[in-house]
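Each remark here refers to the structure printed beneath this line.
The values are calculated or read from the model by the stated rules, or taken from the named source; none is laboratory data. Worth saying up front: this structure is predicted, and the values here are computed from it rather than measured. Reconstructed Cβ throughout: ideal geometry from the backbone, glycine too, with neighbour counts over all protein chains shown. Just the protein is used for accessible areas: all its heavy atoms, side chains included, with ligands, DNA and RNA removed. Shrake-Rupley method; radii C 1.70, N 1.55, O 1.52, S 1.80 Å.
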Amino acid sequence: MKHSIILLMAALLSLGLCSCGDDGNSNQDAGGDTDTDTDSDTDSDTDSDTDSDTDTDTDTDSDTDTDTDTDSDAGMDGSTDTDTDTDADAGMDGSTDTDTDTDTDADAGPDGSIDPYIDIVVYSFDDGVTTFTAAPTYLATGVASTDMDTADGSYTDFVGNPGRAISDTEWNDTTSPNYFYFIVTPPGGGSITLDEFQFDDRRSGAGPTDWAIVLDDGSGLVAAGTGTTHTGFSASPMNTVDLSTLAGPYTAPVSFFVGASGASSSTGTWRVDNIVVRGLVTP
């Protein structure tokens, strides 16, 4: 498997799908890029969503209490009170409450369309606070996935976006490229259908300049997407790869490879965070 992924990564480079050039960013790590990353990211994501759901109540207060009081002296004289109170009794004042409040929000996108896809597997690389983990932090019902690993068998962790992120070096070897990888297994007797691959990334000054996503369902390696790395974290997801042409469905395990190239030094680091595979799960 490692030999095959190496050949594919080399092919991506030779075809020019990865430019492997400097993106012009002058952020350089001092001291030969040992990347001790004291990382002063204060992550000031002050979510300014003011949620202007002001719910304008359209109560028209149509007090239609049409007591057609035909009583022929109801009360002590034993007469029958036939008050046919037709009021809609929607409140203490007898008003008719027409506030239907039809909330059509079903995780709709900006255009109001409903996204049918779900998160199949998520790697946030932390416990929601500060403790690093390489295990998946979310799995859809029935789905299994391996811990995140690397081609060279080693990794470390740095400050993430937010929390923690997985990181590695050796991104300058074009004959034996490094990569992160994990394997997703569909439910027994079921399948998964793929839609998107999302992740955040950050490189050091001497880190890799280009990334590539590769899939393997056991029948062969397929390049899913390529892009340029970032020198700083921003709003998640920073990278989104459309997997609709590789949707499946898959009934066998699917391997995901996240590779990078173009580092100017073997000590240059690249960290990834918030890896999410989205799609559908069929039990």
Take the conditions aliphatic (A, V, I, L, M) and more than 17 Å from residue 148 (Cβ to Cβ) and apply them to residue 247. Does it pass? yes
Counting only strands (runs of 3 or more DSSP E) wholly inside segment 168-283, the ones holding at least 2 residues that are farther than 24 Å from residue 137 by Cβ and of a type outside the set (A, V, I, L, M) are 221-228
Restricting attention to segment 118-148, which residues are open to solvent by less than 50 Å² (accessible area, probe 1.4 Å), hydroxyl-bearing (Ser, Thr, Tyr) and in contact (Cβ under 8 Å) with a residue 60 or more places away in the chain? 123, 124
Every residue in segment 149-167 that is assigned to a loop (DSSP other than H, G, I, E, B), more than 14 Å from residue 124 (Cβ to Cβ) and open to solvent by less than 40 Å² (accessible area, probe 1.4 Å), please. 151
Yes or no: residue 207 closer than 24 Å to residue 155 by Cα and either open to solvent by less than 10 Å² (accessible area, probe 1.4 Å) or among the polar types (S, T, N, Q) (or both)? yes
Tally, over segment 168-190, of residues that are in contact with a helix residue (DSSP H, G or I) (Cβ under 9 Å, 6 or more places away or on another chain) and open to solvent by 60 Å² or more (accessible area, probe 1.4 Å): 3
For the subset of segment 214-272 comprising residues that are open to solvent by 20 Å² or more (accessible area, probe 1.4 Å) and charged (D, E, K, R), which member is modelled with the lowest pLDDT? 217
Residues of segment 125-148 classified as within 16 Å of the chain's Cα centre (by Cα), at pLDDT 95 or above and part of a loop (DSSP other than H, G, I, E, B), total: 4
